[in-house]
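Student: Just passing along the structure, written as structure tokens.
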Protein chains: 6
Amino acid sequence: MPYVNIKITKEGATQEQKAQLIRGVTNLLADLLGKNPQTTVVVIDEVETDNWGIGGETITVRRQQKQ
Amino acid sequence: MPYVNIKITKEGATQEQKAQLIRGVTNLLADLLGKNPQTTVVVIDEVETDNWGIGGETITVRRQQKQ
Amino acid sequence: MPYVNIKITKEGATQEQKAQLIRGVTNLLADLLGKNPQTTVVVIDEVETDNWGIGGETITVRRQQKQ
Amino acid sequence: MPYVNIKITKEGATQEQKAQLIRGVTNLLADLLGKNPQTTVVVIDEVETDNWGIGGETITVRRQQKQ
Amino acid sequence: MPYVNIKITKEGATQEQKAQLIRGVTNLLADLLGKNPQTTVVVIDEVETDNWGIGGETITVRRQQKQ
Amino acid sequence: MPYVNIKITKEGATQEQKAQLIRGVTNLLADLLGKNPQTTVVVIDEVETDNWGIGGETITVRRQQKQ
């Protein structure tokens, strides 16, 4: 019955990677807490780097500084 | 004053259906709990089927299996 | 498959009112969008009036001003 | 360590405005609550006006009525 | 940099189980998507069974029916 | 019309600090984006340190290590 929301920046996660993430989190909740996988919901939000901030800066700016 | 967030898969809900959903939820909160419709906020998120999982699988995969 | 999160202030909603709200929202999603009730999840968060603001003021202050 | 999610309607906020918003909220949490800016995360969601309701109506309809 | 919100019913998850869940999800995001664990945030919400509905019923009612 | 959700650890923020945070964020959205304060909603969630993880560890453990 758990509900999991995962927010990541939109930077090219593939269909297969997202499917693996959903499977992995669902299994983790079953293994650690005995939660029923059939009613475990996982929703992934992919967020533009302009819309995500950490340390008071957007990820867009952080990526530019690293280059 | 309530805030409602509705997440559904992005599979063609129309502008009119979303307007009805917003009206319906707002009325429900007024009728059942006496909440003021004027400050009731409803936000609908439409999520790609690749990004929604249940039972450890994405909705994309589930839709394919049904066919 | 929808997921609905309803946030209201913690001001005495009863067990029965919350059950009615869950039933009502689930029916609405089935009637308007054809969503399967068996996998529709509704989570209600009850928030302290000190922790909810509108118009730049907490609900606690708003309630006091009305008296 | 705080996490802040800001939902606004998608009506043309610029990259610079969003960067200022992230900086401003991060500073506010540092100034008022002593929170470490380095681990303060801010995520902005821009929502279509069809998907946002207040007073039982979508913002799309509200904008049309004002004209 | 990911942010993960896990909602489960409040039914006795221990401090150790929650710590394992946080560690497990953080590792999964590092392994599958190469996300930096140092800025991965996980927040667990434990929700009363009266406030969680699936299939139009609260978990409280579901638990009673099973007995 | 914006909706802001702020999650912080439950470590003694006072009623006054939370009121200031609500006022500050509401003003920021008015100043930077011209958003109407009357319909700006801010909800603060205070989360137990056992339920918040960063770097794969709970805040409870992090606080103990610092001592």
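The values are calculated or read from the model by the stated rules, or taken from the named source; none is laboratory data. Since we're looking at a predicted model, the values are computed, not measured. Every residue, glycine among them, receives a Cβ derived from its backbone with ideal geometry; neighbour counts consider all protein chains shown.
Student: From the residues in segment B:1-24 that are of a type in the set (A, V, I, L, M, F, W, C) and under 14 Å from B:Val41 (Cβ atoms), which one is modelled with the lowest pLDDT?
Tutor: If we take residues in segment B:1-24 being of a type in the set (A, V, I, L, M, F, W, C) and under 14 Å from B:Val41 (Cβ atoms), then B:Met1 is modelled with the lowest pLDDT.
Student: Restricted to segment E:38-67, and to residues that are under 16 Å from the mean Cα position of the chain (by Cα) and part of a loop (DSSP other than H, G, I, E, B), which residue is nearest to the other protein chains (Cβ to nearest Cβ)?
Tutor: Among residues in segment E:38-67 that are under 16 Å from the mean Cα position of the chain (by Cα) and part of a loop (DSSP other than H, G, I, E, B), the one nearest to the other protein chains (Cβ to nearest Cβ) is E:Thr40.
Student: So the check is Cβ under 9 Å with 6+ separation or different chains; which pairs have a first residue in segment F:38-53 that's on the phi < 0 side of the Ramachandran plot and a second one that's small (Gly, Ala, Ser) and not in a loop (DSSP other than H, G, I, E, B)?
Tutor: F:Thr40/C:Gly53; F:Thr40/F:Ala30; F:Val41/C:Gly53; F:Val42/C:Gly53; F:Val43/C:Gly53; F:Ile44/C:Gly53; F:Asp50/E:Ala19; F:Gly53/E:Ala19
Student: Separate question: Could you please find all residues in segment E:12-36 being closer than 23 Å to A:Glu16 by Cα, within 19 Å of the chain's Cα centre (by Cα) and either more than 7 Å from every other protein chain (Cβ to nearest Cβ) or surrounded by fewer than 18 Cβ atoms within 10 Å (Cβ to Cβ) (or both)?
Tutor: E:Asn27, E:Leu29, E:Ala30
Student: Looking at segment B:8-67, which of its residues are among the acidic types (Asp, Glu) and either in contact with a Cys (Cβ under 9 Å, 6 or more places away or on another chain) or under 28 Å from C:Gln15 (Cα atoms) (or both)?
Tutor: Once the filter is applied, which keeps residues that are among the acidic types (Asp, Glu) and either in contact with a Cys (Cβ under 9 Å, 6 or more places away or on another chain) or under 28 Å from C:Gln15 (Cα atoms) (or both), segment B:8-67 yields B:Asp31, B:Asp45.
Student: Just to check your reading of the model, which residue among F:Thr49, F:Thr60, F:Thr14 is among the β-branched types (Val, Ile, Thr) and out of contact with any helix residue (DSSP H, G or I) (no Cβ under 8 Å at 6 or more places or on another chain)?
Tutor: F:Thr14
Student: B:Leu33 - would you say it is within 26 Å of C:Lys7 (Cβ to Cβ), in contact with a strand residue (DSSP E or B) (Cβ under 9 Å, 6 or more places away or on another chain) and not β-branched (Val, Ile, Thr)?
Tutor: Spelling it out, B:Leu33 is indeed within 26 Å of C:Lys7 (Cβ to Cβ), in contact with a strand residue (DSSP E or B) (Cβ under 9 Å, 6 or more places away or on another chain) and not β-branched (Val, Ile, Thr).
Student: Continuing with the same structure: Checking E:Arg23 against (1) closer than 23 Å to A:Glu48 by Cβ; (2) of a type outside the set (Ser, Thr, Tyr); (3) without any contact (Cβ under 8 Å) to a residue 24 or more places away in the chain, which test does it fail?
Tutor: Exception for E:Arg23: condition (1).
Student: Taking segment E:44-67, which residues are under 25 Å from A:Glu46 (Cα atoms) and surrounded by 21 or more Cβ atoms within 10 Å (Cβ to Cβ)?
Tutor: Start the filter on segment E:44-67 by keeping residues that are under 25 Å from A:Glu46 (Cα atoms), which leaves E:44-46.
E:Ile44 - this is the single residue of segment E:44-67 that is under 25 Å from A:Glu46 (Cα atoms) and surrounded by 21 or more Cβ atoms within 10 Å (Cβ to Cβ).
Student: While we're here: Please specify each residue of segment C:1-18 satisfying the condition of being outside any loop (DSSP other than H, G, I, E, B), in contact (Cβ under 8 Å) with a residue 12 or more places away in the chain and not β-branched (Val, Ile, Thr).
Tutor: Across segment C:1-18, the qualifying residues are C:Tyr3, C:Asn5, C:Lys7, C:Lys18.
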